[in-house]
Amino acid sequence: METFFQDLRYAARQLWKYPAFVVTAILTLALGIGANTAIFTVVQSILLAPLPYPDASRIMALETHWTDSGRTRPRVTGPDAADVRTQTRSLEMVSMYDGGEEGVQLRDHAVFTVVTGVELNFPRVFGITPIAGRVLTDADTHRETMVSEQFARDNFGSAQVALGQTMTVEAQPSQIVGVLPSAFDFPEKTQVWLAYPMLQGAALGNRTAFNYRAVAKLRSGVTLKAARAELGAVSTRLKSAYPSENKDKQMTVVPLQEEMTGKTRPLLLLLLAAVAIILLIACVNVTHLEMARSIERQRELAVRTALGSSRWQLGRVVISESLLISVIGGVLGVLLAGPVVHVLVAMAPEGLPRAAEIHLNGWVLAFTLGLSLLTPIASSLVPARRASRVDPAEALKQDSSRGMAGQSASSLRNGLVVAEVAATFVLAVGAGLLLRTLVTLSARDLGFQTARMLVVDADAPAHTTDEALKAIQQYDGLFTRLAALPGVEHVGGVMGLPTGAHGSNGYYNVRGGLPVDPQHMPYADFSVASAGYFQTIGIPMKEGRDFNTQDKYDGQFVAIISESLAKQSFGDENPIGKTIQCGLDSDKWMTVVGVVGDVRQESPAAKPGATLYMPMAQHPFFATEIHIVLRTKVAPLTLMNAVQAQIKQTNSQIATKFTTMDTMVGASIATERFRSALISSFAGVALLLAMLGVYGTMAYSVAQRTFEIGVRMAFGAERQSIVRMILWHAAKLACYGIALGLVLSLALTRLISSMLVGVSAFDPVSLSVAVALLMVTAAVAALAPAWRAARVDPMVALRAE
């Protein structure tokens, strides 16, 4: 240890003499280590850290898998989940749940929040301990709720005051019996948990309706493999008992953490791979810097060898310097990672799981320490090896200032630059593909308009059919008054707004259409809309008419279909006047009165599909919680107060939330925007580091060849030819790197093919842009050294001889 610290003190004294080298190396490593630390923080917090629940490793999620297609769905039917609960011994308890964002009516106001209906086993699966009151018990009915601490503070002032308070959820009064800590918000930022009695009988629904999600807890000592085997046996029995509904269907369990983070895993691993490439480039740069420095100090190393230093002692000199630089770079990297993590969380898409748990911790610091220790080994291995093999006689003959530093040193530096350019090219191609995807999505025809559209989430309380019909009448009057507001052009309402949270889908049947395979019924999205909705949102009416006041609850049921549904079920025949039936809420046959254009329902990435529209008045239970859409002549959000006043005047118990159509569409491609922005940022950092590497190589090459350049100029070489010589050298290195990077990128871009929309993994535009960027980067980096070479004074260069 005494020798080690002596080496460190000597290294510090030596580094103090070369501040430019030290600052450049430290900042380069700080960028690489900081980026890796920040992304590892996110990966560790989301993918690696156990869920913050007691016995989290035993908490499972139920999924449905189809053996014929390989498709898996993270939902279950009520009867299937009930059978799993009663027929398995490996699961200690099972709880179904379902919910989403909806209105909650309080004493003097209404709010929108995430409400989840849960069976009574739900608190026991998670081992929840309330901060006030109690959890749900077997004695509870549909009239008890638990709320989060945040919800209690926001609406009642404190957790204790919230206990015993009554609020209306799903049009039924419910009493708050417990307040849960804010840290618990499963699932999906839930603030209110509504008690469901243990679902059974007709309440479960049928075996084709995947209405629920479900969580379960493994019995102590039971393995995941054993639980899956038992569920396989239960699924086999259900296939025999229900051959039609349960054909090819198999229930299985996955760890809840895997189910929560499965969709995020590819994105996070992609980001981790990207920052690993940046760290590799940073190490190559530092290796190059140390190579240049080791060549300059070859005379010193030769003298030390002549005086008896061993190879290990010579190598230690280089490693000690690299270790000091790396540790300082690691400290700066951690300081840099903190703000970067905050930026990442702020930029993250809405649905990023466990975002609130992302923070620097001991595991992250250990990871950074490991990087700081591995980096000097990686970056100093070649320089240390070369330093330990110095031949004193040869080293004393060489002169790095006159092109006599050795051909092998020059080849090695060139090889490092080629590797650096290749790695940067891979990142640049990936960034180009993701950016092209984002541009494609942003420019796509959605089938509707988004500009100047105010969107209001509105939830009117209604429990009975009469209450629901009254709410529809209130909405009709509200639409008329909103349309009369200054700055409003059109108003409509819909359950099933594109990119919205509410909607339904399922199978349907037609009369007078194309033949239907009973085993493969046609499928469509279901929406419930008001008159004027299509005109408001800009969906074109292709045939027939819009809904009108004649489409009443006690009249002939009607429907409007999309072009895709018309083609899917009626081919080239005119669908107007045909009848259609779906299982939304009624088995009545509906007459098709209109055909409208297709829309991309989920996001710009979705394909236009079949959609069935029904009038609000004929489906009142699905028309109380809707989106009100207003096309405006002014900035949409400037009308918020006026719209809110009209809604409050109509019914003060209607819960509301405001946004715009542009915001909703933007949120639907937030993941694509997030990964495009990050990969592009990483590619930009890589380009800067590559520019530094090319500049260092060219600058050192010019310094080495000063004598040679002087001789060339003395014999009549022009300045332009000297510039071309240096730029050509840089261009050759860039071309070699691009060729290697092209091979690597063609192999690696297949890994992100599932993230691309409307763009091929071998997109020629992205490849061409990446090639151009790298060539420009190399040219810019080599320009200053080339100019410096052209300014060499032959007499000064030759005088040294």
Estimated FRET transfer efficiency when R0 is 41 angstrom, pair Leu335-Asp476 (beta carbons, to 0.05): 0.10
Length released on extending from Ala183 to Glu350, taking residue separation times 0.36 nm less the Cα-Cα span: 58.4 nm
Packing-based ranking, highest mean first, of 729-737, 266-274, 130-138, 240-248 given that Cβ atoms within 10 Å are counted: 729-737, 266-274, 130-138, 240-248
Cβ-based charge dipole, the chain, positive-most Cα from Thr375, Met725, Leu271: Met725
Spin-label zone in the range 442-476 - amide nitrogen under 15 Å from a point set 7 Å from the Cα of Tyr553 along the C-beta vector: 460-476
Eligible lysines near Lys607 by straight Cα distance, threshold 17 Å, same-chain separation 8 or greater: Lys567
Using alpha-carbon coordinates, inclination of helix 78-87 to the longest axis of the chain, degrees: 80 degrees
Gyration tensor (alpha-carbon) shape descriptor, the range 575-624, a/c threshold 1.5: oblate
By average C-beta atoms within 10 angstrom, highest first, the peptides 614-620, 757-763: 614-620, 757-763
Helix-only [θ]222 nm of the chain, DSSP H runs n ≥ 4, -39500 (n - 2.57) each, per residue, nearest 500: -16500 deg cm²/dmol
Antiparallel DSSP beta bridges within the range 495-591, percent to nearest 5: 90 percent
Kirkwood Rh and Cα Rg combined as Rg over Rh, evaluated for the range 438-559: 0.99
Backbone HN-Hα couplings from phi across the range 470-476 [Karplus 6.51/-1.76/1.60, Hz, Gly and Pro as x]: 5, 4, 5, 4, 5, 4, 4
Between 0 and 90°, nearest 10: helix 224-241 axis offset from the chain longest Cα axis: 30 degrees
Distance in nm between pseudo-label sites at Val743 and Asp154 (7 Å out along the Cβ direction from Cα): 5.6 nm
Shape category assigned to the range 76-174 from the gyration tensor of Cα positions, a/c cut at 1.5: prolate
Calculated from backbone phi, Karplus (6.51, -1.76, 1.60) coupling profile of the range 505-512 in Hz, x at Gly/Pro: 7, x, 8, 9, 9, 10, 10, x
Residue-normalised accessible area of the range 508-554, given per residue in Å² at a 1.4 Å probe: 56 Å²
Kirkwood-type radius of the range 1-66, with distances r between different C-alpha atoms, in Å: 16.8 Å
The range 136-147 - phi-based ³J(HN,Hα) in whole Hz, Karplus 6.51/-1.76/1.60, Gly and Pro as x: 5, 10, 5, 7, 6, 10, 7, 10, 10, 9, 10, 10
Residue-span extension gain [Val634 to Val343] - 0.36 nm each, minus C-alpha spacing: 101.5 nm
Answer label, with Rg and Dmax of the Cα atoms in Å calculated from the coordinates and candidates (1) 28.6, 93; (2) 38.2, 145; (3) 33.9, 107: (3)
Packing rank of 461-472, 773-784, where each peptide gets the mean count of other beta carbons within 10 Å, highest leading: 773-784, 461-472
Proximal lysines to Lys217, defined as alpha-carbon separation beneath 20 angstrom and excluding residues fewer than eight positions away on the same chain: Lys225
Pairs from Lys470/Lys648; Lys189/Lys648; Lys189/Lys657; Lys470/Lys552 whose Cα-Cα separation, in the structure shown, is over 20 Å: Lys189/Lys648
Cα-centre dipole for the chain with unit charges at Cβ (Lys and Arg positive, Asp and Glu negative), debye to 20: 3100 debye
Length added when fully stretched, Met775-Lys225, from 0.36 nm per residue minus Cα-Cα: 192.7 nm
Cα-based helix-to-principal-axis angle, 640-650 vs the chain, degrees rounded to 10: 20 degrees
Anisotropy class of the range 671-801 from Cα gyration tensor, a/c 1.5 cut: prolate
Candidate lysines - alpha carbon under 21 Å from Lys247, same-chain residues fewer than 8 apart omitted: Lys239
FRET efficiency estimate (nearest 0.05) - Cβ-Cβ, Gln172 to Lys588, R0 30 angstrom: 0.65
Accessible-area composition of the chain, carbon plus sulfur, in percent [1.4 Å probe]: 58 percent
Calculated FRET efficiency for the pair His520/Met93, C-beta based, R₀ 45 Å, to 0.05: 0.80
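The values are calculated or read from the model by the stated rules, or taken from the named source; none is laboratory data. Note that the structure is predicted; figures quoted are calculated from it, not measured. Cβ coordinates were reconstructed from backbone atoms using ideal geometry, including for glycine residues, and neighbour counts include every protein chain displayed. Just the protein is used for accessible areas: all its heavy atoms, side chains included, with ligands, DNA and RNA removed. Shrake-Rupley method; radii C 1.70, N 1.55, O 1.52, S 1.80 Å.
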